[in-house]
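The values are calculated or read from the model by the stated rules, or taken from the named source; none is laboratory data. Note that the coordinates shown come from a computational prediction; the quantities given were computed from them, not determined experimentally. Here Cβ is always computed from backbone atoms with ideal geometry, including for glycine, and neighbour counts include all displayed protein chains. Remember, those area values only see protein heavy atoms, side chains included, never the ligands or the DNA or RNA. Shrake-Rupley method; radii C 1.70, N 1.55, O 1.52, S 1.80 Å.
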Amino acid sequence: GGTDGGEESYGLANAHALAGSKLDCAIIYAGNRDIQDEIQTILGHKDLTTVDNILPDLDHPNPFAARQAICDVFLSRIVKGKGLDVIVGETGEEPMPTPWTVYELVKAISDYDSAWKEFMLIDMGGATTDVYSASANTLSPDTVLHGVPEPFVKRTVEGDLGMRVSAVVVGESTQDMVKVIFAQQPQREEAFYRYLRHLVGQPDYLPLSEEEKYYDTLLAGLCVGYAAERHAGTKKQVCTCVGNVDLQMDRDLTTVRKVVGSGGWLSRASQFDIHNWLKYRELDDQGKRILLPNQFEYYRDSNGLLPLLANVARLYPQAAARTSIQCLTL
């Protein structure tokens, strides 16, 4: 937190909290450079990496150094921990985190085909739901942007929204929506939460009965809906000295006309109607309008190829982009 030369208290407070914790994990500091030395002193006994500030000033986000540091942690810990270093030795290529490679694939697709210049991709797994969008930062008339301009391609990773490992957390995060769905059926609500607890204990479980299949579909819809909502921008009307204007936070995705579903469940679910979930409500809890697509074509990565093509895109971006578009099922 904090631009260079700006806010210091939150970064220092967080550093002290981490220093006093039992966490044994990599820590990357990418905040106000004016307190880098203090952060190093506070967290010197931890596995700390210090990089350039993500937001050196309000108009110029700089995520690249932090992104590279995260990748380095991935390669040093996960690759060797999972035995993937053997594959590296055989191929001479290092694997990359899937969210990063898919992010690069989204950019490649957007650059390759003008019909796909703007689109969304939702990659839903057992632990996270990752949302990507390629979209210009456009403003409708009488709208003012509040906050930092966003890059053309954006990625968000929701670590509490997943189909198996995170299932119970999904239920906790979306309990207000679940109560509405089961308003007249409290027993089914209880059964739904029992099903979520069962999934966490057995993450490889596949639904057997029609009731379990319904719960799985509901779980997927909640993941998609809430992940997309967190990814998108919002808008509210405010009164100014020159009249009422719309104040927009983050990006407006209402003009996006193509959405892609990927990940194990979304790839297989040919009957899943994502239109009912991508924008399941017009307003968020604060009464702000949610800026998600209203009318769009939905494509499935029915063969589960996008994560693989994302790695191909590192060396052959145009071929990977072309193949990605061709393999989608409308």
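Straight distance only, please: which aspartates and glutamates reach the Cα of K107 with their own Cα at less than 13 Å, same-chain residues fewer than 8 apart left out?
The qualifying aspartates and glutamates are E118.
Once semi-axes √(5λ) of the Cα gyration tensor in Å is worked out from the coordinates, which option in (i) 31, 27, 24; (ii) 52, 37, 13; (iii) 47, 26, 15 does it equal?
It is the value labelled (i).
Between R188 and D72, how many nm apart are label points set 7 Å from Cα along the C-beta direction?
Spacing of the two 7 Å Cα→Cβ label points: 5.3 nm.
Once every DSSP H run of n ≥ 4 in the chain is given -39500 (n - 2.57) and the sum is divided by its residues, what mean residue ellipticity at 222 nm do you get, rounded to the nearest 500 deg cm²/dmol?
Result for the chain, helices only: -11500 deg cm²/dmol.
Treating the beta-carbon of each Lys and Arg as +1 and of each Asp and Glu as -1, no other charges, what is the dipole magnitude of the chain about its Cα centre, to the nearest 20 debye?
740
Using a 1.4 Å probe on the protein chains only, how many percent of the accessible area of the chain belongs to carbon and sulfur?
Carbon with sulfur: 53 percent of the solvent-accessible area.
Using the Cα centre of the chain as origin and beta-carbon charges of +1 (Lys, Arg) and -1 (Asp, Glu), tell me which of C71, Y226, L247 is placed farthest towards the positive end of the dipole.
Y226
Length gain on complete extension for the stretch D273 to R314, per 0.36 nm per residue less the alpha carbon to alpha carbon distance?
Net length gain for the segment: 11.5 nm.
Checking the table K154/K235; K154/K279; K213/K235; K154/K288 against a 25 Å threshold on Cα-Cα, which pairs fail?
Check vs 25 Å cut-off fails for K213/K235.
Calculate, for region 113-187, the solvent-accessible area per residue in square angstrom, rolling a 1.4 angstrom probe over the heavy atoms of the protein chains.
In whole numbers, region 113-187 has 46 Å² accessible per residue.
Loop-only check: which trypsin sites (Lys or Arg not before Pro) in region 228-288 are DSSP coil with at most 16 other Cβ within 10 angstrom?
R257, R281
What does the extension gain come out to for A65 and N137, with contour length at 0.36 nm per residue minus their alpha carbon separation?
Extra length available between A65 and N137 comes to 23.6 nm.
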